[in-house]
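Peer 1: Just passing along the structure, written as structure tokens.
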Ligand code: CTP
Ligand code: CA
């Protein structure tokens, strides 16, 4: 590597990154989705590969070029994401859940396209969509891991401040709830994040009062900061 190239500090590590946003189908032509572009997850995968890692990228509906040296598994729904993550899991050293996973999916999938009008007298009728909860994949990974710290688990959170607290308050509560080793809290709604090239994030670790704030910066710079934190976590307690 050139002296000013990326450090090779992820050599020998297998990293799993989820990216993009899941889509939950209603019928063959429609889905419930979200605004995640996948850019942050793809940047994480690209930077990890450049730093020497073996990278598996579970990608949900991102239309982005595959970074060099990255193995991609394409999925659509939250349940498929869960299966793909579980399948790739053996031997993984760290999981970064950058994907925006739908919290709910339609209870029923209609095999045929839902029609606007069902018959005479139905001209003004509109269907309601019943939703059911998707599993919390990140929480499941933390629960399955038990007491050890392998794999390391990194969560993401897109937060806005509201009446009950600011972005950091919500992020700390989420970190506690999820039990992961690092939380990357995105500030949304400040004209940053979704689909944009720049983000502002706070990196939070359990038991640490001070968050490390990165940005507004490119998603590549943010990705590098996330991997720096991961490397630091391994240095503090080897795993
Ligand atoms: N996540 C997940 N499975 C879900 C929902 C979220 O694994 N069903 C993961 C995301 O990939 C992210 C983290 O959990 O890494 C936080 O997602 P977020 O939507 O911010 O948290 P929720 O617990 O769903 O809380 P809420 O949407 O109510 O803020
Ligand atoms: Ca959610």
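Peer 1: At 7 Å along the Cα-to-beta-carbon direction for both residue 87 and residue 125, put a label point, then send me their distance in nm to one decimal.
Peer 2: 3.9 nm
Peer 1: Taking other Cβ within 10 Å of each residue's Cβ, how do 104, 156 sort, fewest first?
Peer 2: 104, 156
Peer 1: Using just the helices of the chain, give the 222 nm mean residue ellipticity in deg cm²/dmol: DSSP H runs with n ≥ 4 each add -39,500 (n - 2.57), and the total is spread over all residues, rounded to 500.
Peer 2: Theoretical 222 nm ellipticity from helices: -8000 deg cm²/dmol.
Peer 1: Further question on the same structure: Pop out the Kirkwood hydrodynamic radius of segment 136-192 from its pairwise C-alpha distances, inverse of mean 1/r, in Å to one decimal.
Peer 2: 12.1 Å
Peer 1: Checking the a/c ratio against 1.5 first, then a/b against b/c, what shape does the Cα gyration tensor give for segment 49-101?
Peer 2: oblate
Peer 1: Counting pairs of alpha carbon atoms under 8 Å apart in space and at least six apart in sequence, what relative contact order in percent does the chain give?
Peer 2: Taking the mean separation of contacting Cα pairs over the length of the chain, I get 18 percent.
Peer 1: Please arrange 42, 109 by how many other C-beta atoms lie within 10 Å of their C-beta, fewest to most.
Peer 2: 109, 42
Peer 1: Calculate the all-directions average of the projected area of the chain's alpha-carbon convex hull, and give it in nm².
Peer 2: Seen from a random direction, the Cα hull of the chain projects 15.4 nm² on average.
Peer 1: Taking R0 as 41 Å, what's the FRET efficiency between residue 164 and residue 235 from their Cβ-Cβ distance, rounded to 0.05?
Peer 2: The formula returns an efficiency of 0.70 here.
Peer 1: Let me ask something additional. Report Rg(Cα)/(2.2 N^0.38 Å) for segment 6-111, keeping two decimals.
Peer 2: So segment 6-111 has a normalised radius of gyration of 1.12.
Peer 1: Counting DSSP beta bridges in segment 112-239, what percent are antiparallel, to the nearest 5?
Peer 2: Close to 60 percent.
Peer 1: Further question: Restricted to Cα positions, what overall size does segment 1-58 have along the principal axes? Three whole-Å values, descending.
Peer 2: Projected onto its principal axes, the Cα set of segment 1-58 covers 52, 20, 12 Å.
Peer 1: Compare 123, 74, 187 in a GNM of the chain, Cα atoms joined below 10 Å, and give the one with the largest fluctuation.
Peer 2: With Cα springs under 10 Å in the chain, the top fluctuation among 123, 74, 187 is at 123.
Peer 1: Given the options 122, 82, 40, which has the most mean-square fluctuation in a GNM of the chain, springs set between C-alpha atoms less than 10 angstrom apart?
Peer 2: 122
Peer 1: If you average the alpha carbon positions of segment 10-58 and of segment 148-213, how far apart do those two centres end up, in angstrom?
Peer 2: 18 Å
Peer 1: How high is the relative contact order of segment 1-82, in percent, with contacts defined as C-alpha pairs under 8 Å that are six or more residues apart?
Peer 2: Relative contact order comes out at 34 percent.
Peer 1: In a Gaussian network model over the chain where Cα atoms closer than 10 Å are linked, find which of 134, 112, 186 has the largest mean-square fluctuation.
Peer 2: Among 134, 112, 186, the largest GNM mean-square fluctuation belongs to 112.
Peer 1: While we're on this one: Could you tell me the extents of segment 140-239's C-alpha atoms along the three principal axes, largest first, rounded to whole Å?
Peer 2: 39, 31, 24
Peer 1: Of the DSSP beta bridges with both residues in the chain, give the percent that are antiparallel, rounding to the nearest 5.
Peer 2: Expressed as a percentage, antiparallel bridges in the chain total about 35.
Peer 1: Residue 177 label point, 7 Å along Cα→Cβ, cut-off 19 Å on backbone N: hits in segment 99-134?
Peer 2: Backbone N within reach: 99-105, 132-134.
Here, each number is a calculation from the coordinates, and none is a lab measurement. Just so we're clear, the structure is a prediction, and the values are computed from it rather than from any experiment. With ideal geometry, Cβ positions are generated from the backbone for all residues, glycine too; neighbour counts draw on all protein chains shown.
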